[in-house]
Amino acid sequence: MKFASIRPHITYWSLRLAWLTAIALWAVAVVPWFRTPQPPPEPVRLAMNGPLPPLDALMRGAEEADEPAPVFVPQHAVTDAAPTAAAERGARPEVCGLNDAGADNDGQAATRRAAHVARQGQLGLHTAFDELKARSEPQAQAAAWWLRVLWSREGGGDTMAPCAAGSDCPGGAPKTALPPVATAIDALALLALASTDAWSAQVAARACDGPVSSAVCSSLPPRRWATLEPDNAAAWLELSTRDPAVVDEALARAARAARFDTHRGRLAAWVLQATPDRAPAMQRHAAWQRAEELERAADAAMLAAVARHCSDTSRRDRAQACESLARWLQPEAARADAVAAPRTDAVAAPRAYDCATIERQWREARDAAQRGVRVTQR
């Protein structure tokens with residue numbers, strides 16, 4: 001066999017062998033890139049930005065396999081849990097203007113805080129009354145006299161008792177005594193007769209419904225509010241509670257009314273604007289809260305009286321009107337019940353009374369009232 005005849009075959013297989021060798025060398029060079037090296041062990045930190053544990057402690061931790069591994073806790077979680085832990089340890093929440101650092105038990109401390117807030121609310125209301133009474137606007141004076149009537153009906157009394165020594169009453173007791181309730185009722189009735197303001201007519205009629213008699217109230221027409229706001233269902237419903245002869249007419253007119261407005265928030269707005277900045281923060285805040293509570297109590301009394309008309313099963317002819325009135329009564333009744341009923345749920349958070357919080361809340365509410373926004377508690 002001649003070499004020339006097999007030379008093409010040798011060349012072909014030589015090229016194939018070189019090609020296979022090149023592939024093998026490429027594979028040997030590339031395979032290490034696909035291997036992921038194990039990272040070196042990192043030191044264990046127990047908290048964000050905390051110190052490293054000693055080396056011997058790490059060694060003991062590696063040997064003791066039955067102990068649980070340390071749990072990483074973010075720093076913000078530790079910070080957020082600090083107030084809760086303090087509360088669980090019995091720390092008392094801050095109440096602006098009250099120094100309760102004594103050794104009283106929790107029950108005595110809670111009673112002292114509640115008495116402090118109530119007392120500051122009374123002082124704040126007295127200051128608001130004096131400021132409103134000194135204004136020239138008829139509505140401001142109506143707010144002052146209505147505040148006086150509501151205060152008396154809720155147990156406020158005719159005068160303020162002297163303040164006890166200490167931080168409970170900074171500045172001492174008010175210098176002026178409150179006027180008698182009969183004087184306030186007469187003044188409200190006179191303001192309602194001389195004004196076309198619907199709210200003044202409403203609060204004057206409510207003041208005249210009380211147990212204290214007033215000669216001026218006899219000249220105040222029962223329909224005064226309904227005449228000024230004939231499209232307001234609340235005015236007709238309130239009329240139905242005063243004159244038994246017009247109950248059916250008032251319920252029918254209320255059922256056809258286009259809106260329902262008890263003007264809640266008007267008194268609280270006047271108290272917010274009248275309480276001066278120089279008054280302590282707790283007095284301003286507690287007075288605003290108390291004024292809103294007094295308004296809610298007055299509305300709840302009216303709603304309860306109207307509900308009795310619709311609960312009279314002997315008057316079947318009122319069923320249609322009462323069914324139409326449900327759109328006005330049910331939401332208001334639910335809100336009134338929510339205010340009157342104490343909160344018993346375990347997750348209800350206590351109201352914050354620290355100085356920064358109540359100052360911020362009061363200023364936000366005061367600014368909203370000055371813009372004409374009706375401010376009510378949630």
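Things to note:
- In order through segment 276-283: 3J(HN,Hα) via Karplus (6.51 cos²θ - 1.76 cosθ + 1.60), integer Hz, x for Gly, Pro: x, 5, 6, 5, x, 4, 5, 5
- Eigen-decomposition of the gyration tensor built on the alpha-carbon atoms of segment 166-271 gives equivalent ellipsoid semi-axes of 31, 17, 12 angstrom, largest listed first.
- Spin-label pair Glu137/Ala114, simplified geometry with 7 Å Cα→Cβ offset, distance in nm: 3.6
- The largest-to-smallest principal axis extents of the Cα set in segment 233-279 are 51, 22, 6 Å.
Values quoted throughout were computed directly from the atomic coordinates according to the rules given, and no laboratory measurement underlies them. Not measured: the values here are computed from a predicted model. No Cβ is skipped: glycine too gets one built from the backbone with ideal geometry, and neighbour counts run over all protein chains shown.
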